[in-house]
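What follows is a single structure, written as structure tokens, with notes after it.
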Amino acid sequence: MQSGTLIAILAILIPIVGGPFCYLVEKISSRARTVYAVLLAFATGALTLSLIPHIRQANAESFLWIRGLNVNVSICLDSFSVYVAVVAGCIGALAMLYSTRYMEEAEHDYSLSRYYWQALLFIGGMIGLALTSNLLVMYVFWEVIGFCSYALIGYYYHQPEAVPAGTKAFIVTRLGDIGFLAGILILWFAAGSLNVFEIIDAVGGGSVSPLLLGLAGAGFIAGAVGKSAQFPLHVWLPDAMVAPTTITSLIHAACLVNAGVYLLARSYPIFVGLGWWPVAVVWIGAVTAFLAATIALTEWDIKRVLAYSTISQLGYMVAAVGGGALMASQFHLVSHGIFKALLFLCAGAIIHMAGTKNMREMGGLGKYMKITHICSIFGLLSLVGIPVWTGFFSKDMIMANLLENGVIAPLVLLIIATFFTAAYSWRLYWLTFRGKKRTKVKVREAPYPMTVPLMVLALATFLFWIFITPYTGKMVLSLPQYPVSHINLAELFHHSFTSPIIWVTLLVAILLVVFTFRWRASVVSTFRDVSIVTLPLQRAYWVDTFYNRIIVRGLFGFWQRFRRVQTGDLNYNNVGIVIGFIALIIILFVWGI
Amino acid sequence: MNLWQLYMLAVIVLIGVGIYCLLARRNIVQVLIGIEIIAKGVTLSFILAGFFQGNEHIAQAIVITIILIEAITAAVAMSLVVVANRHTGSIDVKDLRKLRG
């Protein structure tokens with residue numbers, strides 16, 4: 001076994017196996033348990049970081065899992081997977097450190113061991129999802145992180161909205177997961193393999209029927225749309241904001257929602273020959289980026305603004321994959337993971353100290369929380385895409401690559417979304433940190449375990465672009481089947497500042513200045529009042545209403561007709577089951593023999 | 001009658017007894033035992049199928065998995081019986097009719 005593989009397996013197994021022992025360590029003391037969980041998370045983060053020198057061409061080593069079905073657990077250490085794992089491991093470690101103080105008070109009513117082991121299970125699951133090239137193994141981890149998301153959204157289960165939100169997330173992503181599983185099985189049937197790289201070879205050899213490939217491609221899109229909260233399955237992510245903020249920052253901003261984008265990028269060479277597939281992906285991404293950015297303008301809950309912002313940024317990544325800009329999408333994935341985790345943790349510090357999520361009750365907090373204030377500015381500037389924050393380079397790279405690849409119509413949507421991004425970021429900043437203080441609570445700066453992760457992430461979002469040379473260094477080498485290129489620091493600067501997209505950045509910067517000095521009052525008030533323009537935004541385009549009225553109530557109404565079948569008597573029900581079973585056997589006999 | 005026919009007969013008898021138990025018994029614990037008997041019959045049929053396919057390994061793996069899942073379902077079901085007993089004060093399925101939709 002090579003050392004890289006060993007590190008990868010350790011990084012997957014340490015959090016997954018070590019997590020449940022939180023319950024045992026809790027017997028010593030609650031403090032020991034917290035220290036234990038944070039240490040595990042930091043060990044995992046260090047292991048993922050130490051994977052970077054081991055990046056190599058994929059398919060290096062695999063282990064037999066199911067002999068008869070020829071299913072292998074293959075560890076894949078190429079540039080895509082390792083960096084997704086690094087984001088999960090490192091942001092996971094910082095979020096765990098932050099939790100030590102943020103979650104302290106929850107211990108009166110809820111079990112913190114449950115919190116820590118589920119968060120650790122999530123970290124391990126995400127790393128496992130990233131580091132394997134076998135689709136079945138990937139699906140197993142896909143479900144693991146789905147379960148963790150569901151369980152942790154419902155963490156505060158005494159709150160009336162928490163459990164329904166978790167259930168909603170579970171059911172909505174389930175729609176996508178079924179598509180993903182169906183896609184995997186179809187590919188297995190059509191290409192005769194579960195390994196991504198073998199499937200790419202089989203598709204390249206032309207031995208796969210286009211019909212089956214198309215069905216599988218649609219299934220993969222469905223899976224990614226569900227997990228990455230793209231339109232029309234984005235409705236679960238804003239409701240998932242009832243989760244603890246650390247979990248929101250880790251799962252619903254930095255890691256889990258990246259799984260869909262990662263899956264699309266990973267399977268890009270399989271489906272790119274289909275023609276309609278990249279077009280569908282790019283449009284889903286662009287429409288999502290635009291719609292979510294507009295909705296974010298009217299939300300009052302600070303976490304929901306950031307949730308719609310996450311959906312919008314994920315739309316950029318999905319559009320980049322569809323437009324063939326794989327490297328840009330993965331670069332933005334890492335960069336977005338850093339700055340969105342930072343923004344959520346800042347929001348968490350504010351919520352923790354001001355005791356409210358409602359931006360109407362905040363205001364003027366910049367004076368009292370200096371570190372959080374500066375870190376938030378870093379995060380927001382990165383989100384808006386101001387040089388030289390990493391968000392500028394990554395978002396710029398996506399749009400410049402789309403321009404080069406001639407994907408013009410979706411690009412226009414993305415550019416408009418960029419202006420909306422600037423508007424909602426500015427609104428969030430102004431309502432929270434500037435103006436008059438509207439809360440009665442005495443606000444002070446958050447304690448060090450909370451501000452240290454903020455400062456680390458703020459530094460990372462400011463400087464991550466410096467590491468572009470090592471980041472893309474092994475890209476071409478490790479991903480021969482993918483359309484990626486090597487780019488070094490000088491080229492990055494050259495591309496970013498000479499592409500026409502720099503004008504968009506300039507306009508955004510001017511817009512921010514105008515907001516600050518001219519339109520301050522009107523930006524805040526415009527989206528407060530109900531008008532013909534703002535009503536669709538305030539109602540989030542009635543997507544939830546549509547689902548409730550048509551699908552949920554429609555299904556209820558339909559199944560109400562079958563109420564009489566439910567006698568409530570176990571024996572009668574069993575008779576029904578047995579009759580159905582016998583009927584099935586008869587049908588199988590008639591058909592089969 | 002050779003050996004495999006005997007095995008097949010055993011499978012059919014086990015499943016038949018289990019289904020009869022499900023249909024005719026009103027005691028929840030007995031209904032549960034019926035389910036377990038059916039599961040045993042199904043497990044036996046898996047062993048049989050593996051034997052004839054020449055795939056004893058897979059059959060063994062699947063059977064062990066089934067036994068494990070069975071144990072879990074039995075435990076969960078028994079806990080449900082306990083809850084039902086606390087709720088209705090009996091273990092008669094007729095008393096659970098209030099649960100109808």
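Here are a few things to note about the model shown:
- Taken over the stretch B:28-55, the criterion of being surrounded by fewer than 14 Cβ atoms within 10 Å (Cβ to Cβ) and either within 12 Å of chain A (Cβ to nearest Cβ) or within 9 Å of the chain's Cα centre (by Cα) (or both) is satisfied by B:Gln53, B:Gly54.
- A:Ile52 free of Cβ contacts under 8 Å to residues at least 40 places away in the same chain and surrounded by fewer than 23 Cβ atoms within 10 Å (Cβ to Cβ): no
- Residue match in the stretch A:105-118 (condition: surrounded by fewer than 24 Cβ atoms within 10 Å (Cβ to Cβ), free of Cβ contacts under 8 Å to residues at least 40 places away in the same chain and assigned to a helix (DSSP H, G or I)): yes
- Note on the stretch A:537-552: among residues that are surrounded by fewer than 12 Cβ atoms within 10 Å (Cβ to Cβ) and not aliphatic (A, V, I, L, M), the one that is farthest from the other protein chains (Cβ to nearest Cβ) is A:Thr545.
- Residue match in the stretch A:126-141 (condition: of a type in the set (Phe, Trp, Tyr), out of contact with any helix residue (DSSP H, G or I) (no Cβ under 7 Å at 6 or more places or on another chain) and within 29 Å of A:Leu250 (Cα to Cα)): no
- Candidate set: the stretch B:73-101, residues that are away from chain A (no Cβ under 14 Å), within 17 Å of the chain's Cα centre (by Cα) and aliphatic (A, V, I, L, M); chosen: the one surrounded by the most Cβ atoms within 10 Å (Cβ to Cβ): B:Ala74
One line per residue, one yes/no per condition, for (1) in contact (Cβ under 8 Å) with a residue 40 or more places away in the chain; (2) within 14 Å of chain B (Cβ to nearest Cβ); (3) aliphatic (A, V, I, L, M); (4) surrounded by fewer than 10 Cβ atoms within 10 Å (Cβ to Cβ):
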position: A:Gly554; (1), (2), (3), (4): no, no, no, no
position: A:Arg561; (1), (2), (3), (4): no, yes, no, yes
position: A:Val575; (1), (2), (3), (4): no, yes, yes, no
position: A:Val590; (1), (2), (3), (4): no, no, yes, yes
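- Residue count for the stretch B:56-72 satisfying the condition of being within 14 Å of the chain's Cα centre (by Cα) and either touching a residue at least 24 places away in the same chain (Cβ under 8 Å) or within 14 Å of chain A (Cβ to nearest Cβ) (or both): 4.
- Single unsatisfied condition, A:Val208 versus (1) crowded, with 17+ Cβ neighbours inside 10 Å; (2) in a helix (DSSP H, G or I): (2)
- Within the stretch A:456-508, considering residues that are out of contact with any His (no Cβ under 8 Å at 6 or more places or on another chain) and of a type in the set (Gly, Ala, Ser), the one farthest from A:Val384 (Cα to Cα): A:Ser478
- Meeting the requirement of 3 or more residues that are of a type outside the set (D, E, K, R) and under 23 Å from A:Val334 (Cβ atoms), the helices (runs of 4 or more DSSP H) wholly within the stretch A:1-64 are A:3-18, A:30-49.
We did not get these values from a lab; they are worked out from the coordinates using the rules stated. Since we're looking at a predicted model, the values are computed, not measured. No Cβ is skipped: glycine too gets one built from the backbone with ideal geometry, and neighbour counts run over all protein chains shown.
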